[in-house]
Amino acid sequence: MKAYEPSGHSPWNVQRVVHLHRRAGFAATWQEIQRDLDDGPDAAIDRLLAGKAYATGVPEDFDTMSRVIGDAAVAANNPNRLKAWWLYRMIFSPDPLTERLTLMWHNHFATSNLKVGDVSVMRRQNEIFRECARKPFGELLTRVVKDPAILIWLDADSNRKQHPNENLARELMELFSMGVGNYTENDVKQAARGLTGWTTKNGQFRFVEQYHDNGEKEFLGKRGTFTGDDLLQTVLDHPATARRIAWRLCDQFFGEGALGEEAIDEFATELRNHDLDIRRAVETILRSEAFFAAKNIGTRVLGPIEFVVGAVRALEMLDPPPSTLVLSEWTARLGQDLFYPPNVFGWSGGREWITTRSMIGRVAFASELARGSLRRPDKPVDVAKLSKYVDGDSTHEALAEFATSLLVPVSSKEFRQRICDSVFAKEDTGDLTCRMFEAILASPEAQLG
Amino acid sequence: MFNRREFLKRSSLLSLAPTVPAFLANTARAAEAKPDDRILVVIQLDGGNDGINTVVPFADEGYAKYRKELKLPTDRLIKLNDEVGLHQAMGDFGKLWETDRLAVVQGAGYPNPNRSHDVSMAIWQTCSFDPQEHNTHGWLGRALDQVQRPQDGSPAAMLVGDEQPPIAIRGRRSVAAAIDRIDEFTLPESAVTSKAGPDVSANDLTSFVQRSSVDAFATAERLSELAAKPDAGASYPNTTLANRLSLISRLIKSGFGTRVFYAVQSGYDTHAAQLPSHFRLLRDLSSGVFAFLEDLRVSKLDDRVTVLCFSEFGRRVKENASLGTDHGTAGPVFLVGPGINAGLHSKTPNLNNLAKGDLKMSVDFRQIYSSVLSEWLEIPHNMEQKPLDLFDA
């Protein structure tokens, strides 16, 4: 991929800084935006890759706090508290890129606690995603597929020599690696045979020899007495896996119409030539011209997590933050219930995030967040503090322009006019500036990022 | 019925948008029920409903013999024929019977009955006897996997209530959701919304989101109106089940694409002092379902809806020493709606020809499901059991 160089038609400006943070993080605060604007794209991306992108609100003892909150959720076996733990990380971690990638892997290896029923198992899976987020994909795949969460979720324990269960084999091939169309039903049956014997005991992976079918199998055109490990390696070596992972990364960082199939094919080849190294792939994407091209800006629908966490950070509602438990209920209401993906396909995302229920929910969320009722005690957006970021006069238009640049990827004078008309045309019955932030956050245009 | 012109005039949101909200287009289609518009509402009677005291075989001498304390007075029963009658609390089901909107499938069960609540319920929800399949996908989830998802982005199946979506509606691909309160679909009074942009007809992402927001607000307004001014005839009793059915009715009336709704009515595990609680449960069930159908009938939507009521097992023929009954085997299944083939189906269980003190089943419950999938929802399935002719042609 060709590297990004700021230029006349692709300048390094506020819009691009905001764009970078929306895709590689959740949302930057105004000061973080200004810092990155001054330092240039290379430094801004360096910071994201190094896990130091966020400065505002990051507690000194973040790691300890996070561990305490996570441990408490596990001790109570309370899934809602686990969701709150992860939201805490997303809002306060200095390393938002890792949290975004963790979320991406949670979706890729979609596992629901509805069936697993054990918060400690779900947390452990989540930590594997976090730890291996940028490792070579083979390492992540092996760790995840031999971890109790997936084994329980996909009935590995029921997969035995005498009566194979194809669930794990099918999803391994269809969803985690190669993708549909690259294997036959017979391959699934054979893979199921190869995976027999993979079970869990006492929360650990355990291989049970007597359940394992060690007969000869024919898999993807090769013959042998393949074990589960052999299957994993075969699948990792298959070019379709590189293609699917390339697709997954492009789906994460590029929007509608931003990248053609050929570009993804090329990217897949490069991935394959570098051992499916995710860290390198992510860096390549973030530093690319295509990533910063105008046709990649504002072309993704913000998923519920991105929308909610992004709003909290962009509006600097960090002291105190809204209750993370309450925020987790909101993201669930908007269609993204952490640790409870709807099925094994995860959240399809894109335009499917937009439904009647979720659109109403987003407007309702904007209202409650801006007015402050999500914080205890009630504390609306600190308009006075945010207004100070505006150069010159605090006219309605200037404030609208500032707020829009924070919350809307692509806007126009006409959009700002419409906002001002709907908000300021009313009688002066309260803080209309706060209502302006609310109106912008609730607008259709602000659902994109 | 709702006045389209009036709505368009009043709604400032629509003043700049050239597109018509999807639900308004949908209501024009509602007049004639087409296969892909049909809706199934499942009511799960949790705990094991005592079928013998629900569809009472009053003419069977075994009834008086085995049910000394729990015997219901014959003259109070709602007679369905000269052999069986409904529990006297089910007056509203009696009205449905008289208007050919009630089908009773007698003695529904399965071979080798299981008396554990969890296991038997899992069998009914997954159609599988393999415990390893009891936590994966259910009969409706699998069926909905075969069809396209609703165009408006609604979930394929929705549980209405505060429980988790049951396994019955969980599929591999299809999305099942749970909803508890109508306020998830209503905008806060004070919400600030700006007018839509000038061009929402293009297919780019911005136009799509703008159009969707117009649609969503129109639906929210529609739902608020329904709440504020219920149609005549839609007077629901004040029970949990009726509240849930009322919410389902409003979603249907608002044109939601969801085709399968699920609600749970708890409390049927009547091991002791059965008479008063069973009375209340059956009264609430029949009054709730009746109000639901009447509500839909006034909106001319009832011909698109069938309600299916089932329980995980019936109860033992002989009452126990605590004025209650213990876990049994087969029991009745109700289907309600204008589209069903009304009447009694399958054989009335014989209380003198028992299997170790329990009713022998007359029909495999999977035949009922087969009918629902083939004849009502018209979704392809691979169930082996033959359908039962439970729906009008």
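The values are calculated or read from the model by the stated rules, or taken from the named source; none is laboratory data. Fair warning: this is a prediction, and the values are worked out from it, not measured in the lab. Positions of Cβ are generated from backbone atoms using ideal geometry, with glycine treated the same way; all protein chains shown enter the neighbour counts.
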Given the conditions (1) away from every other protein chain (no Cβ under 14 Å); (2) under 22 Å from residue A:53 (Cβ atoms), and given that residue A:331 satisfies all but one, which numbered condition is not satisfied?
-> (1)
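Hey, can you tell me all the residues within region A:43-78 that are outside any helix (DSSP H, G or I) and aromatic (Phe, Trp, Tyr)?
Within region A:43-78, just A:54 meets the criteria.
Looking at this structure, is residue A:386 under 24 Å from residue A:323 (Cα atoms) and either surrounded by 24 or more Cβ atoms within 10 Å (Cβ to Cβ) or touching a Pro at 6+ places or on another chain (Cβ under 6 Å) (or both)?
no
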So the helices (runs of 4 or more DSSP H) completely within region A:389-449 holding 1 or more residues that are more than 8 Å from chain B (Cβ to nearest Cβ), free of Cβ contacts under 8 Å to residues at least 40 places away in the same chain and touching a Cys at 6+ places or on another chain (Cβ under 9 Å) are A:396-407
Residue count, region A:238-254, condition surrounded by fewer than 21 Cβ atoms within 10 Å (Cβ to Cβ) and in contact with a Lys or Arg (Cβ under 7 Å, 6 or more places away or on another chain), comes to 1
Residue check for residue B:249: more than 9 Å from chain A (Cβ to nearest Cβ), in a loop (DSSP other than H, G, I, E, B) and at pLDDT 75 or above | no
Hey, among B:280, B:244, which residue is of a type outside the set (A, V, I, L, M), part of a helix (DSSP H, G or I) and farther than 30 Å from residue B:149 by Cα?
-> B:280
When residue B:286 is run through (1) at pLDDT below 95; (2) buried (at least 21 other Cβ atoms within 10 Å of the Cβ), the failure sits at (1)
Could you please let me know if residue A:284 is touching a residue at least 12 places away in the same chain (Cβ under 8 Å), over 18 Å from residue A:100 (Cα atoms) and assigned to a helix (DSSP H, G or I)?
-> no
In region A:1-19, which residue that is among the hydrophobic types (A, V, I, L, M, F, W, C) and surrounded by fewer than 22 Cβ atoms within 10 Å (Cβ to Cβ) is modelled with the lowest pLDDT?
-> A:1
Among the candidates A:164, A:94, A:148, residue that is over 23 Å from residue A:190 (Cα atoms) and touching a residue at least 12 places away in the same chain (Cβ under 8 Å) | A:94
Scope region A:334-369; condition more than 12 Å from chain B (Cβ to nearest Cβ) and surrounded by fewer than 20 Cβ atoms within 10 Å (Cβ to Cβ); matching residues = A:349
Residues located in region B:297-312, provided they are within 13 Å of residue B:40 (Cα to Cα) and not in a strand (DSSP E or B) | B:301, B:302, B:303, B:304
Helices (runs of 4 or more DSSP H) wholly inside region B:77-184 containing at least 3 residues that are within 14 Å of another protein chain (Cβ to nearest Cβ) and under 30 Å from residue B:359 (Cα atoms) | B:117-126
Could you say whether any residue in region A:119-132 is buried (at least 21 other Cβ atoms within 10 Å of the Cβ), under 27 Å from residue A:268 (Cβ atoms), among the basic types (Lys, Arg) and modelled with pLDDT of 95 or more?
-> no
Does residue A:170 qualify as being under 17 Å from residue A:190 (Cα atoms) and either in contact (Cβ under 8 Å) with a residue 12 or more places away in the chain or buried (at least 22 other Cβ atoms within 10 Å of the Cβ) (or both)?
-> yes
Within region A:155-170, the residues that are touching an Asp or Glu at 6+ places or on another chain (Cβ under 8 Å) and not in a loop (DSSP other than H, G, I, E, B) are A:167, A:168
Considering every residue within region A:295-314, establish whether at least one is more than 14 Å from every other protein chain (Cβ to nearest Cβ), of a type in the set (Phe, Trp, Tyr), assigned to a helix (DSSP H, G or I) and under 30 Å from residue A:31 (Cβ atoms).
-> no
